[in-house]
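The values are calculated or read from the model by the stated rules, or taken from the named source; none is laboratory data. Quick caveat, the model's predicted, so the values are computed rather than measured. No Cβ is skipped: glycine too gets one built from the backbone with ideal geometry, and neighbour counts run over all protein chains shown. Accessible surface is based on the protein model in full, side chains and every heavy atom, while ligands, DNA and RNA are left aside. Shrake-Rupley method; radii C 1.70, N 1.55, O 1.52, S 1.80 Å.
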Amino acid sequence: MKLAIFDLDNTLLAGDSDHAWGEFLCDRGHVDPVEYRARNDQFYADYVAGQLDVLAYQNFCQEILGRTDMATLQEWHTDFMQNYVEPMILPRGEALIAQHRKAGDYIMMITATNSFITGPIARRLGMDHLIATECGMKDGRYTGQLTGVPSFQAGKITRLNSWLSDNQANLLDSHFYSDSHNDLPLLEKVTRAVAVDPDDRLQAIAQERGWEVISLRD
């Protein structure tokens, strides 16, 4: 089994689904738009700078899941997918996925964004498997707090290694596509690291190490 692993935000999407979910909540009036947007923007700036407190962020963005019933959340996500996610999906990203599928590769998404947000996106993009930060559940509802190891930075390796062990798989001849220096730990583990429309730090490292650099933007 050859793995083709994809980051999601700013890799297969022309934007960040996690941050966009916060914008959606503000735009639709589901949260206080001034306070929530300010915190959401600050967390995103911390992420870009490589300084994100992932536990604090996940508990911030998952809090609303814990106080909203599942039917309402599904309605919200349907709206979010149609009006926020679909416009961000990159056709060249879909073509790259199709190329790996034609080659017989096993296609995986691994993202720090939580599974509530990314589950439908992974299905929309035809992923064979999704590793995302998990949302706590109790009695058929979200708890509003994360559970397990967040799939962020080195946590992506922890979560992936667990999956590899469970599935008797390995990273031989694997690809990993990402835009972010936050993904350096996993980029360094795979056979073929590919920087996709990379941030400045990843661009410099990719050039230094001879990694492939591509663009999926028009």
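In the context of the full protein assembly, D27 retains an accessible surface of approximately 80 Å², using a probe radius of 1.4 Å and ignoring ligands and nucleic acids. Based on C-alpha pairs under 8 angstrom that are at least 6 apart in sequence, region 3-214 has a relative contact order of 23 percent. Percent antiparallel among DSSP beta bridges with both residues in the chain, to the nearest 5? If I count the DSSP bridges inside the chain, around 20 percent turn out antiparallel.
The local environment of Y36, defined by Cβ-Cβ distances under 14 Å, has a net charge of -3 under the rule Lys, Arg +1 and Asp, Glu -1.
With r as the distance between the Cβ atoms of K2 and D166 and R0 = 25 Å, compute the FRET efficiency 1/(1 + (r/R0)^6) and round to 0.05.
Details: r = 18 Å, r/R0 = 0.71.
After rounding, the FRET efficiency stands at 0.90.
In the full protein context, region 3-214 carries 45 Å² of accessible surface per residue, based on a 1.4 Å probe and ignoring ligands, DNA and RNA. Taking trypsin sites (Lys or Arg not before Pro) across region 1-73, the ones in a DSSP loop with at most 11 further Cβ atoms lying within 10 angstrom of their Cβ are R67.
Within the shell of other residues whose beta carbon sits under 15 angstrom from the beta carbon of I5, the net charge comes to -3, with Lys and Arg scored +1 and Asp and Glu -1.
When the accessible area of the chain is computed with all protein chains present and a 1.4 Å probe, what percentage of it is carbon and sulfur? C and S atoms contribute 48 percent here.
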